[in-house]
Amino acid sequence: MNTPPDYFEGQYARADDPWQLDERWYDRRKYQLTVAALPRARYRRAFEPGCSVGVLSELLAPRCDALLSADRVPSAVDTATRRLADLPQVRVQHMAVPEQWPEGPFDLVVLSELLYYFGPAARARVLQQSADSLSDRGHLITVHWNHPVDEHTCTGQQIAEEADALAHLRPLARYDDPDFTLTVHERGTGPGTALSPARVEGLA
């Protein structure tokens, strides 16, 4: 089963940043690793569903010509909008995936601490929508917690395996530590492997 919407609404009713994403070293370190793992220096158009209060969005923005950040909770959208107001390339939108999905293509989709709130069917749908909305050679980033939580339906390691199984996605990078798993996949419908940054620049 998916985590019900009132769980998130209750969390944000108690605090603007209920998971203290802007304060904890764990999250700041994870976000820095996420941005460092992006294979390209810059992306034309990116999508980050489940953006919460926009902490990761703020770090992604300098790497993007246009970034759409979205969340299903209106108060989180309001907080993120205020946080990102000085970044003209960022648009924050109220959106509940997978029922709502923006028109692509995107050359970057970032799914951070989101998919374990969905049951298997909805999680598969979000992953497939992400892959389908990528342009050729576009990148899908997944980053998720590995410890058991009552509201979570799976772990980051399980999500990584599900992303590996998607057609037209080629694994490019993976980082595992006891707390979270981060993966980078590249969309490609033709033969070949994902292009690493060194291969793109002709160094390998």
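Go through segment 59-73 and give me each residue that's of a type in the set (Lys, Arg) and surrounded by 18 or more Cβ atoms within 10 Å (Cβ to Cβ).
Within segment 59-73, the first condition is being of a type in the set (Lys, Arg), and the residues that meet it are 63, 72.
Passing the criteria: only 72.
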task = Please determine, by comparing only the residues of segment 10-37 that are in contact with a Leu (Cβ under 7 Å, 6 or more places away or on another chain) and hydrophobic (A, V, I, L, M, F, W, C), which one is surrounded by the most Cβ atoms within 10 Å (Cβ to Cβ).
result = 37
ask   = Among the residues of segment 153-190, which ones are in a loop (DSSP other than H, G, I, E, B) and in contact (Cβ under 8 Å) with a residue 60 or more places away in the chain?
value = 153, 179
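Please pick out the residue among 150, 132 that is within 27 Å of residue 41 (Cβ to Cβ) and among the acidic types (Asp, Glu). Full working, then the answer.
Working: 150 fails: within 27 Å of residue 41 (Cβ to Cβ).
From the options 150, 132, the qualifying one is 132.
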remark   = Restricting segment 150-177 to residues that are open to solvent by 80 Å² or more (accessible area, probe 1.4 Å) and at pLDDT below 95, the one nearest to residue 110 (Cα to Cα) turns out to be 168
ask   = Residues of segment 120-149 being open to solvent by 60 Å² or more (accessible area, probe 1.4 Å) and in a helix (DSSP H, G or I), which ones?
value = 120, 121, 125, 128, 132
remark   = Of the residues in segment 74-102 that are farther than 11 Å from residue 47 by Cα, over 14 Å from the mean Cα position of the chain (by Cα) and β-branched (Val, Ile, Thr), the one that is surrounded by the fewest Cβ atoms within 10 Å (Cβ to Cβ) is 81
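The values are calculated or read from the model by the stated rules, or taken from the named source; none is laboratory data. Note that the structure is predicted; figures quoted are calculated from it, not measured. Note that each Cβ is placed from the backbone with ideal geometry, even for glycine, and that neighbours are counted across all protein chains shown. Ligands, DNA and RNA are excluded from the accessible area calculation, which covers all protein heavy atoms including side chains. Shrake-Rupley method; radii C 1.70, N 1.55, O 1.52, S 1.80 Å.
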